[in-house]
Each structure stands twice: as structure tokens, then as C-alpha cells.
Amino acid sequence: MSAQFPRLLGPSRLGNLELRNRLVMPAMCTNFANEDGTVSQRLIDYHEARARGGVGLIIVEASTIDSPLANGVKRHVYVDDDRFIPGLSALAETIRRHGAGAALQIVHAGAAAYVSLPGKPLVGPSAVARPGGAVPRELTLAEIEETVRHFARAARRAQKAGFDGVEIHCAHGYLVSEFLSSYFNRRTDRYGGGLENRARLMVEILQATRELVGPDYPIWIRLNGAEFGSAAGLTQDEARQVAAMAEAAGACAINVSLSSFEMNLKAGPPTAQVPGNLIFLAESIKKAVQVPVMSMGRHDPASGEAALEKGQADLIVMGRRLIADPELPNKAASGRLDEIRPCLGCMTCLDCITAWHVPVYCAVNGAVGREREFQVQAADRPRKVFVVGGGPAGMEAARVARLRGHEVSLFERASALGGQLRLASRPPYKAVIRNLADYQQAQLHKLGVKVILGQAVGPEMIAAERPEGLILAAGARPIRPEIPGQERAEVVLASDVLAGKAPVGERAAVIGGDLVGCETAEFLAKEGRKVTVIELLDQLARKLNPRQRDHLLARLAADENIEVFTGVRRERITAEGLVITTREGQERTVAAETIVIAVGSQADTSLAEALPGGPLKVVSIGDCLEPRDIASAMREGIQAGLAV
């Protein structure tokens, strides 16, 4: 038990299931399953890393009870037939072998199903669509009864497969939560109307499941503590009543979540959410039940410990933080908090599932879903390795190479490590990115990587020092577009603005509407300046992750200090500002005292091009290959560290 986190890392129970601590990894879909719904080795490896990392309970991702109609993602795990039991058994056994409890979440996605098959449209309690979704077909009474049996049989298969418990998904706008919600449930039969009727499906599922799995097998529900936004139908008071009904029907715990189909600009984007921001929902449910209550919401060890100490919850759910660092529980237990790889809250993992329909990956942990491939093992012999560039790619490469036993020196021409991370942390709501730079720098120091700052590296030095491995992570250089007048003194680079190196007047025009341009505009607007964003294309921030982009564009639109022009031509820069031609073909001057250039970057290949050919193994990674994102940098950093 940890002296710093005695409650969080102390033992607990769920029914008759003993847990080594109160940390729970929730069900999070990954798209790692095989195409036929069977458990893949990739899925096993992913969960094994988290079980080995010390978490108390792993709830394996939502598994469909009626494939493919009930699928919520592209590659669901299936549990609707006995033929899936062997793979599920291998997964459960792997998790339990490392000391974690293993549970399986079972789900019917309802109107949120991934596909609508010919002749089998989406189904729901009523013909009410999710915001932006298709209208489902209302389930018949016979189909509801069949759905209850599907849930119960799926739970029994999980039990046969060796899982320690089953979570029934009653949240997040999936079928059971749709029945609970007065917004989606407009039925007039015994499954609609008042709350008791709307909760009938959940109660019947719990009762039927309890009948099949026996009186002692742990089963519980994941429940919205409330619904928010225009599609809200379940209030906090109703959620408390539903929780009590679930307990009476045999649930041994309540895992509290929330549902909202809309962003909340007042709360800020996910990157700005404070640890434990949703504890109020768990605390509300806890007042209504006697069984353990699980709390989610950006928890870190400190917020989890505080919630337990105050009696606001009984178990603490950490999802994305365990994707970012599977070893978080072990590190917290041994007091190595500075070694925990920080989750940025960027929602890349969730966008993989809901927007891109690809296997999950993580911006800060390039080994997610590739745990076996990226396993760090000692090199056959130590080598002298140089890393040029101290951004995220270079630091990750140096870290991994050093872990393998190499003698690693990292050269950074600036006076500090971090590269683009330092600038990226400057705009509003992005301070969390600084945590990644600090974590990486601390790792290099702890591992004994030799860091040389303020020194450029040329081919002469490489020839003189004769490293056996060379990793180039020199980053990228800002592009200056060919615009008449761009040589004027009032024309500055966005990177210099964010770094505090360039003065900016009261009115500024930002040339470039991708991520850097938009964030620089917001940065300046928050300082009280009037800003105009000029973009040649028709859309802003096109390359940004969907969830981050939605928040950013909404904030820009709501900011009275920001004006946006898209689909325009940049003509020339004058003493009055920037002359443009609008999409309607009209020429106008955007008044500005300062012109900020933010049109992108180009790879810095100067050192790579200057190196002579020879036996030296050279690997180029990160932005010096092609300017991209943190996820690419971190993944290529691991690969390079493993390759030298």
C-alpha cells in the first residue's frame, strides 16, 4: 500500500470479488478485435500491459450481445455466441494472471450502432434519432424480450470464459440508456412513460442475468449520472432513482458516467478539464445506494485519493491516463509520480473510434496497440548513439535508446528542450502539453542521457565523434510565403509571437488558418487584441482532431475579438495592413498593425543532406521528415530508439 495514496491503492471489493486496489480501468473500445469479432493477440497484449501495470480491475471494452446489429464500433468484441468463449477466456486469464480483476462490459448500441444493415435498420425505444444520426425503428415487445435474453446469455458466456464480473452498459446513449431517457423514449406501453417503466428494460436485464449467473457472481451497471444538452432526458434525481432500482435488481455496484451530445464552451475543451471534474455525479449517486460507486472524470492519483477520503466514491476510474501510461498504478505506489507519462486530454484515442474508425492510438504513447512490437529489450551490445534535436521525437528516441543500454547524447541547438511542445503549450487551454515536455526531460535526466544545449551539429562533428548510430530529429522551419511587402518590419512569425519574441500591435492579421494560425489568433485575442484570420482554403484547422477542432472553431466563432476570412487570396502587405481578394472577387484591406505569418512549416533536412554516405546508420524522424503531430513524433521516436 502506498503511504501517499493509502485509500486509492488499498484493497477493495466488488461483491465477492477482491481487488488489490481501488483503481479501475473502464471499458474503452479499441478496434483491436479481429474482423469476425474474436479476441486478437493485439487486444490481449494491450490489456496485459495494463494488468501488469498494477490496476485493480480491468473492464474489457464493450462487447456486443447481438452482432452486428448491436455493434457500436467498427471492430467490436463479440459475446453473442459460444464460439467466442475461447478467445475471451484467453483474455480473462491473461489479465488475472497479472493480479488484476477481469470484467467484461456487454452492450447493445441501439440507435448508436456503427452500421445500418440492409433490411435491419437501427433500433431504439422509439423513432427518435440521436443528434446528427439516423432515425431508428422502434423495438417491438417481442424484440425487447429477446434483447433481455441476449444480455443474460452474454453475461453467462463471460462467466464461463473466466471473467470475474460483468458490467451492463446503461450509459452513453446506447440502447438501455435510450430507454432510460425521456428524450429518446416516447413509448406508451409498459416500457415508456414514467421512470419506473423506462427503467424496466434495465431491471429485467439485471434480473434475467442474475438468474443465469447465480446469486454471488458480480454484475453491475454503467449509468449516466445525468444527461446534458438539448438531448438531455435523464436528470440527476432520476439517475439516483435508477441506481436504487439497479441495486434492488441485483447490481453490486454503480459505475457513474455522463452523456452529452454537445460541447460546453464554458467548461473548456478536454485538455483544460481538471482532475475529478465529474465527481459530483458519483457523489450524487452514492447518496442513493449502499453498493460501491465508481467515479470517472479525468482523475489522477491525487484527485482519486481525495474523492475516496471525502467519501464521494468507492472506486476511481481512470481510462485515458492508463492508455497513456499502463504503469501508472505501479509508479504511483512507489512514489514515482514524475515518471507517469501525462495524458494530454487531446481525445485522439476517442476520435480513432468515433471519427476515423481505426485502431486506437495515443498521442503520447506510441506503443498503444503495438505493445509486443515495441517491447523495449536490451541491445546485443551498447553503442554510441547521437540524437540531433530535442523535441518530442528526439527525446523519445533518446529515452528508448538509453533504456536499451546505449550511450546516448542528445544535441539541441536551442537553449531548452521541448521543441514545438513549448510553443504548443502557449495558446489558451493548451498548458497541459508542457507536462509532456517536462516528463520527457525528467526521463532523460533520470536515465543518464547526456544533453547538450545550444549546440548545432554538422557533418564535421559527426565525422570527428564517430557515433555508431545517428537519429535526426531536427524538426522543421516556418515557411514564409511569397507576398509582396512581407519583408516589412511589422511582419512576424507565429512561432516568435507565441515565444514572446515579437511585439504585436492592437490589431493583427494572421495569415494562415490551420492549427497554428487559429491558436495564435486565440492567443492574441485573449490578450485583448483585435485579430483577423486569413485562410486561402474554405475551412480552418483542417488537420486537427475532430473533437479539438469543434471546440476551437466554436471558441473562435464566439470571440468578438476574432474575425475570419476563408477562401481568399493574399495580395500584398502595406503600411495599412493586408490587402486580400475575397471569395466574391472584391479587393479589400484588412487593417492591421502587425502581420503574423502562420502558413505552416517545412522539414529541416539540411543535416541529412550534408552527411556523406557511409556505414553510419542514420534514422530521420519527426518533423524533419514531414511536419505532423505529437503522435507521429512519439511513435517514430520509439521506432528509432529500437532500431539503433
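The values are calculated or read from the model by the stated rules, or taken from the named source; none is laboratory data. Predicted model only: the values in this text are computed from it and were never measured. Cβ: placed from backbone, ideal geometry, glycine included. Neighbour counts: every protein chain shown. When the accessible area is computed, the model is the full protein with side chains, heavy atoms only, and any ligands, DNA or RNA have been set aside. Shrake-Rupley method; radii C 1.70, N 1.55, O 1.52, S 1.80 Å.
Peptides 333-346, 494-507 ranked from most to least packed give 333-346, 494-507, packing being the mean of other C-beta atoms within 10 angstrom over each peptide's residues.
Per DSSP helix of 4 or more residues, -39500 (n - 2.57); summed, then divided by the residues of the chain. What does that give at 222 nm, rounded to the nearest 500? Dividing the helical sum by the residues of the chain leaves -9000 deg cm²/dmol.
Bridge orientation summary for the chain: considering DSSP beta bridges with both residues in this region, about 20 percent are antiparallel.
Listed by chain and number, the aspartates and glutamates whose C-alpha is less than 15 Å from the C-alpha of LYS450, apart from same-chain residues fewer than 8 away, are GLU396, GLU407, GLU412, GLU465.
Legend: residues VAL533, VAL619, sorted from most to least accessible area (1.4 Å probe; ligands, DNA and RNA excluded), read VAL619, VAL533. Applying 1/(1 + (r/R0)^6) with R0 = 25 Å to the Cβ-Cβ distance of ARG372 and ASP82 gives a FRET efficiency near 0.35. Helix 433-447 axis versus longest C-alpha principal axis of the chain: approximately 80°, rounded to the nearest ten.
Segment 389-420 and segment 296-346 have Cα centres lying 27 Å from one another. If you sort LYS287, LYS266, LYS526 by accessible surface, 1.4 Å probe, largest first, the order is LYS266, LYS287, LYS526. In order along segment 65-79, the Karplus-derived 3J(HN,Hα) couplings, from 6.51 cos²θ - 1.76 cosθ + 1.60 at θ = phi - 60°, round to 8, 7, 7, x, 4, 9, 5, x, 9, 5, 10, 6, 7, 9, 9 Hz, and Gly and Pro are given as x.
Work through the residues other than ARG372 whose Cβ is under 12 Å from its Cβ and net out their charges, Lys, Arg +1 and Asp, Glu -1.
On the way: positive: ARG42, ARG370; negative: ASP45, GLU48, GLU371, GLU373.
It works out to a net charge of -2.
For segment 456-572, the fraction of alpha-carbon pairs lying more than 19 Å apart is 55 percent, rounded to a whole number. In a reduced charge model with +1 at each Lys and Arg Cβ and -1 at each Asp and Glu Cβ, the chain shows a dipole moment near 960 debye about its Cα centre. In degrees between 0 and 90, to the nearest 10, how far off the longest principal axis of the chain does helix 515-526 point, with axes built from Cα atoms? On a 0 to 90 degree scale, this one is about 90. Checking every one of the GluC sites (Glu not before Pro) in segment 1-105 against DSSP loop status and a limit of 11 other Cβ atoms within 10 Å picks out GLU35.
For the pair segment 133-195 and segment 569-644, the centres of their Cα atoms are 50 angstrom apart.
Each residue of segment 576-591 was assigned a 3J(HN,Hα) from its phi angle through the Karplus curve 6.51 cos²θ - 1.76 cosθ + 1.60 (θ = phi - 60°); the sequence is 8, x, 10, 8, 10, 10, 6, 4, 7, x, 9, 8, 8, 9, 8, 5 Hz, with glycine and proline shown as x. Pairs from the table (LYS446/LYS617; LYS310/LYS446; LYS286/LYS543) lying more than 32 angstrom apart at Cα are LYS310/LYS446; LYS286/LYS543.
Think of the chain as having a plus end and a minus end, set by charges on the Cβ of Lys, Arg, Asp and Glu; of VAL449, ALA306, CYS346, VAL449 sits farthest toward the positive end of this dipole.
For the chain, what does the relative contact order come out to in percent, with C-alpha contacts under 8 Å and a separation of six or more? Rounded, it is 11 percent for the chain. Please give me the summed charge of the neighbours of ALA474: other residues whose Cβ is under 14 Å from its Cβ, Lys and Arg +1, Asp and Glu -1. That works out to -4.
What is the Cα centroid distance between segment 215-233 and segment 432-499, reported in whole angstrom? Cα centroid of segment 215-233 versus Cα centroid of segment 432-499: 48 Å apart. Under 18 Å from the Cα of LYS287, which aspartates and glutamates turn up, not counting those fewer than eight places away in the same chain? Candidates past the 8-residue exclusion: ASP237, GLU238, GLU247, GLU309, ASP314.
Distant-in-sequence amide contacts of ALA476, defined by a placed amide H-H separation under 5 Å and a gap of 5 or more residues or a different chain, comprise ASP604. The dipole here belongs to segment 317-460: it is taken about the Cα centre, uses +1 on the Cβ of Lys and Arg and -1 on the Cβ of Asp and Glu, and is about 180 debye. Which one of THR520, ILE534, LEU611 has its Cα pushed farthest toward the positive end of the charge dipole of segment 515-644, where Lys and Arg give +1 and Asp and Glu give -1 at the Cβ? The residue sitting most towards the positive pole is LEU611. The amide H of PHE228, built 1.01 Å from its N in the peptide plane, has SER259, SER260, PHE261 as neighbours under 5 Å, considering only residues 5 or more places off or on other chains.
Seen from GLU305, the other residues with C-beta closer than 11 Å to its C-beta sum to a net charge of +1, counting Lys and Arg as +1 and Asp and Glu as -1.
How far is helix 141-160 tilted, in degrees, relative to the longest principal axis of the Cα atoms in the chain, given as a value from 0 to 90 rounded to the nearest 10? Rounded to the nearest ten degrees, it is 80. If the chain linking ASP438 and SER334 were pulled fully straight, counting 0.36 nm for each residue of separation and taking away their Cα-Cα distance, it would gain 35.5 nm. Candidate cross-link partners of LYS501 among the lysines, defined by an alpha-carbon separation under 18 Å and a same-chain spacing of 8 or more, comprise LYS526.
If you average the sequence gap of Cα pairs under 8 Å that are 6 or more apart and divide by the length of segment 178-328, what percent do you get for the contact order?
Values: 251 pairs, mean separation 27.4, N = 151.
This gives 18 percent for segment 178-328.
Backbone amide hydrogens, once placed in the peptide plane, bring LYS617 within less than 5 Å of LEU470, excluding anything fewer than 5 places away on its chain.
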